[in-house]
Structures are given as C-alpha cells and as structure tokens.
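Before any comments, here is the structure.
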Amino acid sequence: MKSRDGYRYIIKVFEAQWDQLHEETVKPFFEQLKRDTEDTYARRNGYRRTRPGHDALFRYVVFQNAQGLKDALSRQDQGVDSRTKIAYIACHGERGKISAVRDISRTRLKNIIAPLSSYDGLFFGACDFVDRKTAEVLLENSPHIKWVAGYAHWIPWLEGMICDLMFFRLLLSGRFVRPRINARWEPVGRPEDAAFRLYEDFSQALDLGFSLFFRGREGVVSTRERYLEHQSHHPAQRAVS
C-alpha cells in the first residue's frame, strides 16, 4: 500500500440502533477521541488548540436499513478539503451480513460500497462480519477503497469499543511514550501500521479477531494473519507491513 504520511483523516460514524430496550451509542466515545486528538495535535505542534490535523468525529449518522446507509455514505461533505475519509460503521454483525432494523447482506453492502470514491477505508464495529471472505469481496469490487477492518469473532461491546478507539488513536495521534523527559507521541504512518501497533499495545485485539485487510503485492493481506505468522517465526520481534 502506498504510504499516506501527511494525510489528514476525518471519520464519519454510521451507527445502527443496538437494542430496542437500551440506548448504547458510540457517539460520546468518538466525541472524546476528537477532543483528545485536538489536544495532542496542539501539544505536538507547540501552540494552543486550533483546527486539528484530524477530525475524529466529522459527522454522525444513524441508519436503519441498506438504503439509509447508502444515502449517508454517498452524501457529499462540505469542508473536507484534502482530508481523507474513513467510514466507521457500528452495528450488530453475523457471518455474511450486518444488522440494523433490517439486515444488510454482504452482497448488498458490496453494491453500496463499489461506486464510492471518497473513502480511504471502512471500519466495521460489528461482531463476526469481517473475515477474509468479506474483505476480499468488498476490496475486489471497490477500486477506491484501500482497506477494510473489523472483527471475525463475537466481541463484547465494551472490549470492542476500546479496541476501535485504540486503533483510531494510534492512527490519528500516534503511540504515546514516556521516556525520562519529554513525553511524546510516536507517529504511526499507515492504517496497517496502526493495526500492527495495536496488537503490541492491546494484545486482546488478537483474541477478538481484529484484522485490517489491505491490498498487497500478493493480493489481499490480513494484518492479523501476517502478525501471527511473523510471531511464530520471530517471537521476539515486531511484525512489519
């Protein structure tokens, strides 16, 4: 994947209702991520808070069915400038489909995503949905989408939310380190680098079945598969993309 160092990202959050009896929502988590991203950007650049390099909650939309998701994903965004969009889709999931008020099959989702040209990647905050087959179907039929991320297993809601936020924190701000003096954030260049770093910083991501799939020279590459393969051969070393 071509390096995109220097790009500024914006995240568009699309959320389905989780439960008719409860009001769980990812929105406040992304609002806090936005605030922390702004603070980190200001600290790193040595001045007061101003317009950040990334917007961790550019837009929030609730969808109920395939048409609603299609309309929301396709909507033109004002003020994007040169920033690259990431779609974060929060909903229930199963093998081969995601669920809102009505189910959305992998095939229907493929057709929704195929014409999109303004998104860098898709992150599914959903159980069971993002396995290799799903990633290949979506990437092979979506020429403009560079990566797809999510979970191949059932995941507890809170653990999944923590994993999602850690990934975006690494991608947007880098990794926080505290040497003897001058605490700082080490930059993380690409989405796949953020995924590899996530396995080091939040190892439960492996148990949750989190993977980011991207196009490589040999086809669609899974960060989880590559990380585990690398660890089996070089257990003391960090995986590289």
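The values are calculated or read from the model by the stated rules, or taken from the named source; none is laboratory data. Predicted model only: the values in this text are computed from it and were never measured. All Cβ positions, glycine included, derive from the backbone under ideal geometry; neighbour counts span all protein chains shown.
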*Residue among 130, 101 that alone is surrounded by fewer than 18 Cβ atoms within 10 Å (Cβ to Cβ), of a type in the set (A, V, I, L, M) and not in a strand (DSSP E or B)*: 101
*Of all residues in the stretch 53-80, which are without any contact (Cβ under 8 Å) to a residue 40 or more places away in the chain and assigned to a loop (DSSP other than H, G, I, E, B)?*
65, 75, 76, 78, 79
*Residue pairs meeting the criteria (Cβ under 6 Å; at least 6 apart or on separate chains; first assigned to a helix (DSSP H, G or I), in the stretch 155-172; second buried (at least 19 other Cβ atoms within 10 Å of the Cβ) and of a type in the set (Lys, Arg))*: 170/197
*Among what's in the stretch 182-215 and is at pLDDT 90 or above and in a strand (DSSP E or B), pick the residue that is surrounded by the fewest Cβ atoms within 10 Å (Cβ to Cβ).*
215
